[in-house]
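What follows is a set of notes on a single structure, which appears directly below.
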Amino acid sequence: MFRVPLKTALAAVILTGSAALVAQEAGESPASGIRFVCTDLPAGSPPSLDLLLDPESGESVEVPLLRRAPGDYRPLPKGAVIRLGHQPADPADAFVTMALGGKPADARRLLAILVPKLDREEASYPFSMQVIDEERFRPGDFLFINLTPFEFAVSFDGKRFGIRKGAVNLHDPEDLDEPRNSPVMITFRPAGTKERWQVLARTTWRLRPTRKEVCVFHWDERQGRPALRGLTISAP
């Protein structure tokens, strides 16, 4: 299946980043930070982007774009917005934004999931970004993200639940002490209509208590219909 203000503030960020690196090298999760993962990397995607840490000073830190697993934690940016992009060649110019997401209030460790937009000429930004509080996204959970104008119905793990247009749903399987298989059926229809449900997928998923699963519904321009991208994250 599937860079912070100068002088004292700069010193604070350096200390925060260093502490995060030490924790990660020791195999531990830092007390706070954000890490990134991509569901896909189409041809022509940049190998990395800059995470804007302080909009006033323009300080940023580089973030590699990784597909199979999240990268190392980076310091949490100031403010309520997570902004990825490029530093301009001329410092007088504005930061070039490629992806934008909101920062959950009071969250300490975040996971940002980047989804490339196929029609980049039409998109405001080349990537969609969903920012998740990792304290809520636990091993064994399935996270469903709907980036389409459709609604979905998922029959999975003995339950049936809906995922509305633009919604993010977290499913926590019960009694997942050992890996198990579950039949899955996913149907869809245009949001706000009574049109007949169409089948998107009928398959079997493997549930594991040591993995976090991300399922992203997006619009596939090539096929002219909704599609599903899956991403598996090993628990730290």
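The values are calculated or read from the model by the stated rules, or taken from the named source; none is laboratory data. What you are looking at is a predicted structure, and each value in this text was computed from that prediction instead of being measured. Every residue, glycine among them, receives a Cβ derived from its backbone with ideal geometry; neighbour counts consider all protein chains shown. To get the accessible areas, we keep the full protein, side chains included, count just its heavy atoms, and leave off ligands, DNA and RNA. Shrake-Rupley method; radii C 1.70, N 1.55, O 1.52, S 1.80 Å.
Would you confirm, using the coordinates I've provided, whether Asp119 is more than 16 Å from the chain's Cα centre (by Cα), closer than 17 Å to Arg229 by Cα and at pLDDT below 90? Yes: the conditions hold for Asp119.
None of Arg67, Arg83 is in a strand (DSSP E or B), within 27 Å of Lys212 (Cα to Cα) and either at pLDDT 95 or above or open to solvent by 50 Å² or more (accessible area, probe 1.4 Å) (or both) except Arg83. Can you confirm whether Ala20 is modelled with pLDDT under 90, open to solvent by 70 Å² or more (accessible area, probe 1.4 Å) and under 21 Å from the mean Cα position of the chain (by Cα)? For Ala20, the condition - modelled with pLDDT under 90, open to solvent by 70 Å² or more (accessible area, probe 1.4 Å) and under 21 Å from the mean Cα position of the chain (by Cα) - is not met.
This table checks each residue for (1) closer than 25 Å to Trp205 by Cα; (2) open to solvent by 70 Å² or more (accessible area, probe 1.4 Å).
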| position | (1), (2) |
| --- | --- |
| Lys78 | no, yes |
| Ala99 | no, no |
| Asp106 | no, yes |
| Leu110 | no, no |
| Pro126 | no, no |
| Arg138 | yes, yes |
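Among strands (runs of 3 or more DSSP E) entirely within the range 167-228, having at least 2 residues that are surrounded by 17 or more Cβ atoms within 10 Å (Cβ to Cβ) and not small (Gly, Ala, Ser) singles out 180-190, 198-207, 211-220.
Conditions tested, residue by residue: (1) surrounded by 12 or more Cβ atoms within 10 Å (Cβ to Cβ); (2) of a type outside the set (A, V, I, L, M).
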residue: Gly33; (1), (2): yes, yes
residue: Phe36; (1), (2): yes, yes
residue: Gly44; (1), (2): no, yes
residue: Ser48; (1), (2): yes, yes
residue: Leu53; (1), (2): yes, no
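Of the residues making up the range 151-162, those that are open to solvent by less than 30 Å² (accessible area, probe 1.4 Å) and modelled with pLDDT of 95 or more are Phe152, Ala153, Val154.
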